[in-house]
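Below is one structure, written out as structure tokens; the observations come after it.
The values are calculated or read from the model by the stated rules, or taken from the named source; none is laboratory data. Computed from a predicted model, the values in this text were never measured in an experiment. Ideal geometry is used to build each Cβ from the backbone, glycine not excepted, and the neighbour counts take in all protein chains shown. When the accessible area is computed, the model is the full protein with side chains, heavy atoms only, and any ligands, DNA or RNA have been set aside. Shrake-Rupley method; radii C 1.70, N 1.55, O 1.52, S 1.80 Å.
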Amino acid sequence: MTRFLVLIFFALCASVLAEEKKNTKYKFSFGAIADCQYCEAPDRGQRKYSASKEKLRQCVEHFNREDLSFVIHLGDFIDRNFSSFDQLLPIYDSLDAPGYHVLGNHDFEVADKFKEQVPPKLGMPAKYYDFVIKDWRFVCLDGNDLSFIAYPKDSEGYRRSEKYYRENKIRSPKWNGGVGQEQMHWLRRVLQKAESAKEKVMLFCHFPVYPADPHNLWNAQEVIKLLEEFSCVKAYINGHNHKGMYGIKSGIHYLTCMGMVETDQSAYSIFRVQDEQIDVLGYGREPYRLLKLR
């Protein structure tokens, strides 16, 4: 009799869970990957450079079994060498959903003659851009706008970055980068447009801005100050810091996704977007998170 009652109890629980799952209404979902960072090189500590190719393949296979509106890679698609792109792009381009990129510092660890070719190689419409899914606007920032890595040393971009770093007495390491003033003006216009249209906004960038950390953008505080002017801004998602990080400030979620390269398993996420919250389903070493929207 006791065994019979236990079976009935589990059957009822399964029924309730199935009903909850059926009644869960996601507006849409998208996939996110940070720091695949592939190259053919020996492992360094927990960084499994060559293994990232197979991890990416398995991740894409998983994403293709899901109903995703898009997939975003959060920078450092490769670790070094322009030829590394040719090993990964056929895998990423096999996504059923549209695949987007933001630029990481390691994406520019290529010969100077190839640096300008990186964004078009990744199929990017521009170094920074935005797009809309339903009532959400997604903003892809270029954190290498100011950079010692993204430009050849004899270029105007390098000299501009050098001047900015020196005059602003930046303490953030030189392997980070910054968002330039032209891009900041563009971002303000985009946020004003989103606010007027009553859209919700999520930003993607390679570099974090919050909480305080050595990996953060050179002008992290300037970016945060701008974001906090707009109630439409709900979240800022990034990579770069492979161990991951999370913080919330003035109602804005700041999530650093864990690096796919730095694990024996894998690391990637599926974001389930609802009206009042986002469920971040983590796979591999990426944890589950619930982001309540202000």
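Remarks
- For the chain, the membrane-span-like helix rule (DSSP H, alpha carbon extent of at least 30 Å along the helix axis, mean Kyte-Doolittle at least -0.5) picks out 2-23; this says nothing about an actual membrane.
- Heavy atoms of Met260 accessible to a 1.4 Å probe, total area in Å² rounded to 10: 0
- For segment 98-196, the list of GluC sites (Glu not before Pro) that fall in a loop by DSSP and count at most 11 other C-beta atoms within 10 angstrom is empty.
- Cα Rg over Rh - the chain, Kirkwood: 1.02
- Measuring max minus min along each principal axis, the C-alpha atoms of segment 178-274 give extents of 45, 33, 21 Å (largest first).
- Neighbour-limited loop hits for chymotrypsin sites (Phe, Trp or Tyr not before Pro), segment 197-272 (at most 14 other Cβ within 10 Å; DSSP other than H, G, I, E, B): none
- Helical runs assigned H by DSSP (4 residues or longer) give the chain a calculated mean residue ellipticity at 222 nm of -8500 deg cm²/dmol, each run adding -39500 (n - 2.57) before division by the residue total.
- Evaluated at q = 0.13 Å⁻¹: base-10 log I(q)/I(0), Debye formula over Cα of segment 33-87: -0.34
- With every protein chain in place, segment 200-294: carbon and sulfur % of accessible area (1.4 Å): 49
- Trypsin sites (Lys or Arg not before Pro) restricted to DSSP loop in segment 121-179 with at most 15 other C-beta within 10 Å: Lys134, Lys153, Lys169, Arg171, Lys174
- Ligands, DNA and RNA are left out, and with a 1.4 angstrom probe the accessible area of the chain is 47 Å² per residue.
- Remark: spin-label model distance Lys193-Lys134 equals 2.2 nm, labels positioned 7 Å along the Cα→Cβ axis.
- Within segment 81-220, DSSP assigns beta bridges of which about 55% are antiparallel (rounded to the nearest 5).
- Averaging 1/r over each pair of different alpha-carbon atoms in segment 49-155 and inverting the result gives 14.7 Å, the Kirkwood hydrodynamic radius.
- Surrounding net charge for Lys292, when Lys and Arg each add one and Asp and Glu each subtract one, Cβ distance under 12 Å: 0
- Solvent-free Debye calculation, one equal scatterer per alpha-carbon of segment 121-258: log10 I(q)/I(0) at 0.11, 0.14, 0.18, 0.22 Å⁻¹ equals -0.39, -0.64, -1.04, -1.44.
- With a Förster radius of 30 Å applied to the C-beta separation of Ser94 and Glu228, the computed FRET efficiency comes to 0.15.
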